[in-house]
Amino acid sequence: MTPETLQRGRLGIFGGTFDPIHIGHLRAVMEVAEELELAQVLFMPCHQPPHPKDVRASAAHRLEMVRRAVNDNPRFGVSDLEVRRPGKSYAVDSLEEFSRLHPGRPLYWLIGADAFFALHQWYQPRRLFDLADFVVMTRPGSPGRDLREYLSHYLDPAFAPADNAWVRLPNGHGAKLLTTTLLDISSTDIRRRAAQGRSLTYLVPPEVEDYICEMKLYETPEGED
Ligand code: ATP
Ligand code: MG
């Protein structure tokens, strides 16, 4: 891929707490990038999740782990846009900034099914679909709900079935479920293992495992620091 294609092609954005990033994230995104021919995917750790959630590692550590995890993949990159923005990280603010930075470039927000079916609790969820398309990745244990039924019930009754299994609004934006390889890996489980001094090998990339060890992240059990 030429640098020019990277600048202009479809841009994927993958937001999360990444506390820490793991193989479940990386593999699912790889499959989406391939399937939808995304020129580039930017992994974007949040500064502060909008919904109450214990975040253990600092934004700087989470960003650094993501950086190390994607470093060897030319199609993957990191965005520090949310980490640099003080306060809660709202996706709609980030997408507005991305569309200002990349006018006319199609934006795809990548999200796991567990997070997607809570979208109606996000800040201004309907506005997200004025800015980007949503690609929903399957995840073990997440609800096997119908995207159109969910979106038309909670966000806008105008969501309708479209080409290639997309569900779209009249403005052209929409969502699609992609069946990605089901990897039952979560950051919660990884933090628990780290606190117990157990191995993280094959759950996170080696660079991330080394970093967690070096920086002594997650050594104390959840809720004890
Ligand atoms: P935690 O257990 O702390 O919530 P997590 O593993 O869910 O961590 P997040 O940073 O919360 O990771 O997730 C970021 C995004 O990645 C979310 O959209 C989530 O649905 C998705 N995701 C996380 N793990 C997987 C997985 N194993 N397969 C597919 N998608 C995933
Ligand atoms: Mg999660």
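The values are calculated or read from the model by the stated rules, or taken from the named source; none is laboratory data. On a predicted model such as this, the values are computed, not experimentally measured, just so you know. FYI the Cβ positions are ideal-geometry reconstructions off the backbone, even for glycines, and counts take in every protein chain you see. Accessible surface areas use protein heavy atoms only, side chains included; no ligands, DNA or RNA. Shrake-Rupley method; radii C 1.70, N 1.55, O 1.52, S 1.80 Å.
When PHE134, PHE159, PHE129 are checked against the criterion of being more than 16 Å from ligand 1 (Cβ to nearest atom) and under 17 Å from the mean Cα position of the chain (by Cα), a single residue qualifies: PHE129. Just a yes or no: is a residue in the stretch 73-82 touching a helix residue (DSSP H, G or I) at 6+ places or on another chain (Cβ under 9 Å), open to solvent by 70 Å² or more (accessible area, probe 1.4 Å) and not aromatic (Phe, Trp, Tyr)? Yes, because at least one residue in the stretch 73-82 is touching a helix residue (DSSP H, G or I) at 6+ places or on another chain (Cβ under 9 Å), open to solvent by 70 Å² or more (accessible area, probe 1.4 Å) and not aromatic (Phe, Trp, Tyr). Of all residues assigned to the stretch 132-139, at least one qualifies as being surrounded by 21 or more Cβ atoms within 10 Å (Cβ to Cβ) and more than 22 Å from PRO170 (Cβ to Cβ). Pairing residues of the stretch 185-203 that are surrounded by 14 or more Cβ atoms within 10 Å (Cβ to Cβ) with residues that are among the basic types (Lys, Arg) and not in a loop (DSSP other than H, G, I, E, B), at Cβ distances under 7 Å and at least 6 apart in sequence or on separate chains, gives LEU200/ARG193.
If you check LEU182 against the conditions, is it under 19 Å from the mean Cα position of the chain (by Cα), in contact (Cβ under 8 Å) with a residue 40 or more places away in the chain and more than 30 Å from PRO221 (Cα to Cα)? Please lay out each step first, then the result.
Values: under 19 Å from the mean Cα position of the chain (by Cα): yes; in contact (Cβ under 8 Å) with a residue 40 or more places away in the chain: yes; more than 30 Å from PRO221 (Cα to Cα): no.
Taking the combined requirement at face value, the residue does not satisfy it.
Being buried (at least 20 other Cβ atoms within 10 Å of the Cβ) and away from ligand 1 (no atom under 16 Å from the Cβ), is that true of even one residue in the stretch 143-152? Among the residues of the stretch 143-152, at least one is buried (at least 20 other Cβ atoms within 10 Å of the Cβ) and away from ligand 1 (no atom under 16 Å from the Cβ), which makes the answer yes.
Scanning the stretch 1-35 for residues that are at pLDDT below 95 and of a type outside the set (Gly, Ala, Ser) returns MET1, THR2, PRO3, GLU4, THR5, LEU6, GLN7, ARG8. Of note, TYR108 satisfies the criterion of being within 30 Å of ARG8 (Cβ to Cβ), away from ligand 2 (no atom under 16 Å from the Cβ), modelled with pLDDT of 95 or more and surrounded by 14 or more Cβ atoms within 10 Å (Cβ to Cβ). Quick one: is ARG168 farther than 17 Å from VAL32 by Cβ, among the basic types (Lys, Arg) and either within 15 Å of ligand 1 (Cβ to nearest atom) or surrounded by fewer than 20 Cβ atoms within 10 Å (Cβ to Cβ) (or both)? Answer is no for this residue.
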